[in-house]
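A quick write-up on the structure given underneath.
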Amino acid sequence: MKNKIVPDASSTKNIMAKLRLPKAGTIEVVPSILSSDFARLADEIAEIESAGVNMVHLDVMDGNFVPNITIGPPVIAKLRKYSNLVFDSHLMISQPAKYIERFADAGANHITFHIEVADHPEKLIDRLHKLGCTAGICLNPETPVEAIEKIAPLCDMVLVMTVHPGFGAQEFMPEAAKKIVRVREIIGPDIRVEVDGGIDSQTTPIVVSYGADTLVAGNAIFAKPDRIAAINAIRAAIK
Ligand code: DX5
Ligand code: ZN
C-alpha cells in the first residue's frame, strides 16, 4: 500500500509562479492520466512526479466533441494542491471559448484547444496568454496542417493527434504522425511540438525523428505496474 500524499504547503499562487512550459529544446515525456486510476489521481501523479517528469497531461472530455467524459476544472483545482508539475490540459471540448478562464483559475498552466472547434483561434490564444497560461492548438488525425498554418506561430505548443481523440490505448496512426514534419517546418525550433496517441518505446523514435519534442503517453505508462520504469523505457527510445 502506497503512502497517502499530503497537499503541498505552499500556496497555489506560489506554485503557479514556478510553473512554466519547459523551454523548447528538450524532449519531455508527458504522462497522460487517462489510463491511470482516477480514484487515486493525486497518488498516481505523485508517482510520475518522482520519475522526474516536468509535466502531466490532463485529458478533459465533454461527451460532445469526443464520445467520452473525464474531468473538469473542479478536479484540476483539487489536484493543483498536490502537485508541482506543469498541468498540460488537453481540452477535448466543443466550446473551449466558454471555459478557458475556469481552467486557468483551476490551475492549468498550459491549455490546448482543438482547431476543429475554434471560431477565432487567435483570440483564444491571446486570452490564454492574458490569463498567464501558455497556449496550445491541436489537430485531429484527419485535420490538415493548413488549418493551423497561420496561427501555429502564435502558440507555445502544437499538438498533433496520432489517434482519434477520446480513448487511451488505441493504435498509433503513422500517416497522422507524418504531419509533425510540416508542423515543425512552419513553427521552427522555438515552439514545442507535442504528439498524443499510441506513444511508446516503439513509436517514440519515429515521432522524434519527425521533430516532436513533447511525448504524451498514457497506456504505455499507466498500464504498467512500474510507471517509473515505463517512463525510463520511453526516454531510452529517444535517439
Ligand atoms: C486520447 C487522449 C490521450 C490519451 C493517449 O484522446 O488525448 O492523451 O491518453 O493515450 P495513449 O498514450 O494510451 O494512446
Ligand atoms: Zn490528450
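What the table below lists for this structure:
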| quantity | calculated |
| --- | --- |
| Simple label model, 7 Å out from Cα along Cβ direction - Gln170 to Val75, nm | 1.8 nm |
| Hydrodynamic radius by Kirkwood, which averages 1/r over all alpha carbon pairs of the chain, in angstrom | 17.6 Å |
| Fraction in percent of alpha-carbon pairs per bin - 5 Å, region 156-239 | 3, 17, 27, 23, 19, 9, 2, 0 |
| Full-extension gain in nm, Thr26 to Ile186, via 0.36 nm per residue minus C-alpha separation | 55.7 nm |
| The chain, helix-only ellipticity at 222 nm - DSSP H runs n ≥ 4, -39,500 (n - 2.57), divided by all residues, nearest 500 | -9000 deg cm²/dmol |
| Positive-end residue, the chain charge dipole about Cα centroid, Cβ charges, pick of Ala217, Gly132, Ile191 | Gly132 |
| Region 193-229 and region 87-102: distance between their alpha carbon centers, rounded to Å | 23 Å |
| Equivalent ellipsoid dimensions for region 69-145 as semi-axes, Å, which come from the Cα gyration tensor, largest first | 21, 14, 11 |
| Where the chain is the region considered: accessible area per residue in Å², 1.4 Å probe | 44 Å² |
| Student exercise, the chain dipole from Lys, Arg, Asp, Glu Cβ charges, in Debye to nearest 20 | 680 debye |
| Rotationally averaged projected area of region 79-197 (alpha carbon convex hull; nm²) | 7.5 nm² |
| Modelled FRET efficiency - R0 22 Å, Asn84 with Ser201, Cβ distances, 0.05 increments | 0.25 |
| Estimated FRET transfer efficiency when R0 is 35 angstrom, pair Ser94-Ser50 (beta carbons, to 0.05) | 0.45 |
| Beta bridge orientation in the chain: antiparallel %, DSSP, nearest 5 | 5 percent |
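The values are calculated or read from the model by the stated rules, or taken from the named source; none is laboratory data. It should be emphasised that the depicted structure is a prediction, and the values quoted were computed from it without experimental measurement. Note that each Cβ is placed from the backbone with ideal geometry, even for glycine, and that neighbours are counted across all protein chains shown. Note: areas computed on protein heavy atoms with side chains; ligands, DNA, RNA excluded. Shrake-Rupley method; radii C 1.70, N 1.55, O 1.52, S 1.80 Å.
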